[in-house]
Amino acid sequence: MILLSVIGFLVVIYFAFQFLLWTVLDCDIELFLASFLGRPIRKLRGKVVWITGASSGIGRALAKVLATNGVRLVLTARNSRELEATKQECLSLSGGSLKADDILVIPLDMLKFAFHQDTFNRVIAHFKSLDILVNNAGRSQRAEWNKIDINVDRELFELDVFSAIHLSRLAVTYFEQNNNVLGQIAVTSSTAGYIGAPNSASYTGAKHALHGYFESLRHEKPNINVNIYCPGPTFSNFLNEAFVETPGQKYNQPVQSTDRRMTTDRCAHLYAVALANNIGLCWSGIFPINWISYIGLYYPNIKRLLLALIGTKRLQRIRDSQRYNNANDPSPA
Ligand SMILES: NC(=O)c1ccc[n+]([C@@H]2O[C@H](COP(=O)([O-])OP(=O)(O)OC[C@H]3O[C@@H](n4cnc5c(N)ncnc54)[C@H](OP(=O)(O)O)[C@@H]3O)[C@@H](O)[C@H]2O)c1
């Protein structure tokens, strides 16, 4: 009887401690532990890391963290002026450990699939190797489920899913041909990669699809390390750029400085920790994102109940991290 009471007590303490960590941490427990006790980011020094979508937001901040740690970089995106600015920031942050030649800027529209192979060849010709490909380029969405034009679904999948898959196939082939057992591919997913986000159906579908593709890769090619990183709401340019229901249009709303979001610097630091420690699946996000993530992944039935209690509008507000003066305001999406 006493033994049962002790076991029951320990179970309660265990769950209480877990709940406490879910509440206070801004990332999952494995990533948190790795950030203190794991391999430091500087262990990536000298490696060649290619970041797509490096001209802005999370990709740009990740480039800066890695450059600070002496990592050689390939920076791609469409906006060459911002890419050059990122390169200059990286060079100055590296404190002299990186030379201009250690950061290769290549303008690349990920939707122009025909240029992927050429760009890949340029990277290998320049560095003679590639260690990590970070599939980060992507656009979010704000749109009502039933109003989404099917062409928006297609455009969003082309960018957020198929372009990343196409480039990653080139990388996997390269890693295999070069017998590079340390081949590593990272993908920027999202909380929407494992929990349905309201007003973002195509985006949620796309991020879920990435998990499917890269989980298959993980099983099929054990020599390729796959890191799926899922940020929660983070400051960046994403809301301006987000898809809406109609093809060719954007959401065009900047994030507000008053929003409750993670800073890009913190998000990028955790991303670099995930890369250095080769973490398979991890996430970041300030309260209550950690909670929602754990419950969503470990207790899907409780998640359904909880989300029904929270309600769609409040969930949207948590996601957009915005405060409204009027409780009757329509959801911003
Ligand atoms: N911010 C968040 O709250 C959040 C949360 C979860 C996941 N994410 C994910 O994080 C990733 C980065 O987004 P972000 O938040 O940093 O947004 P961002 O500031 O808008 O950055 C998006 C990046 O993607 C690039 N990009 C967009 N379309 C492209 C194209 N056709 N070809 C090549 N590059 C393209 C952009 O560069 P150019 O415009 O120069 O091409 C830019 O560098 C995305 O995959 C997003 O889904 C963001």
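Within segment 12-40, being closer than 30 Å to T76 by Cβ and open to solvent by 20 Å² or more (accessible area, probe 1.4 Å) holds for D26, E30, S35, G38, R39, P40. For the residues A192, A137, A164, A197, the requirement of being modelled with pLDDT under 95 and within 12 Å of the ligand (Cβ to nearest atom) singles out A197. Among residues of segment 116-143 that are more than 12 Å from R72 (Cα to Cα), those with a beta-carbon under 6 Å from a residue that is of a type in the set (D, E) and part of a loop (DSSP other than H, G, I, E, B) at least six positions away or on a different chain give the pairs A143/E245.
Of the residues in segment 44-55, at least one is at pLDDT 95 or above, part of a helix (DSSP H, G or I) and not basic (K, R).
Okay, residues lined up against (1) within 30 Å of F235 (Cα to Cα); (2) surrounded by 13 or more Cβ atoms within 10 Å (Cβ to Cβ); (3) more than 12 Å from the ligand (Cβ to nearest atom):
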residue: D118; (1), (2), (3): no, no, yes
residue: H126; (1), (2), (3): no, yes, yes
residue: K147; (1), (2), (3): yes, no, yes
residue: E176; (1), (2), (3): no, yes, yes
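Considering segment 83-116, the residues that are more than 16 Å from the ligand (Cβ to nearest atom) and of a type in the set (D, E) include one that is nearest to G70 (Cα to Cα), namely D102. Within segment 69-81, residues that are closer than 14 Å to L44 by Cβ and among the polar types (S, T, N, Q) reach partners that are more than 9 Å from the ligand (Cβ to nearest atom) and open to solvent by less than 10 Å² (accessible area, probe 1.4 Å) with beta carbons closer than 8 Å, at six or more positions or on different chains, in the pairs N69/L44; N69/A272.
Residues in segment 229-267 that are near the ligand (Cβ under 9 Å from one of its atoms) and part of a helix (DSSP H, G or I) were compared, and the one that is surrounded by the most Cβ atoms within 10 Å (Cβ to Cβ) is C267. Which ones in segment 83-114 are within 20 Å of the chain's Cα centre (by Cα) and open to solvent by 30 Å² or more (accessible area, probe 1.4 Å)? Residues satisfying the conditions are D109, L111. Restricting V74, V6 to residues that are surrounded by fewer than 18 Cβ atoms within 10 Å (Cβ to Cβ) and outside any loop (DSSP other than H, G, I, E, B) narrows the list to V6. Taking (1) in contact with a Ser or Thr (Cβ under 6 Å, 6 or more places away or on another chain); (2) modelled with pLDDT of 95 or more in turn, D265 satisfies each apart from (1).
The values are calculated or read from the model by the stated rules, or taken from the named source; none is laboratory data. These numbers were taken from a predicted model, which means no experiment stands behind them. Reconstructed Cβ throughout: ideal geometry from the backbone, glycine too, with neighbour counts over all protein chains shown. All accessible areas refer to the heavy atoms of the entire protein, side chains included, with ligands and DNA or RNA removed. Shrake-Rupley method; radii C 1.70, N 1.55, O 1.52, S 1.80 Å.
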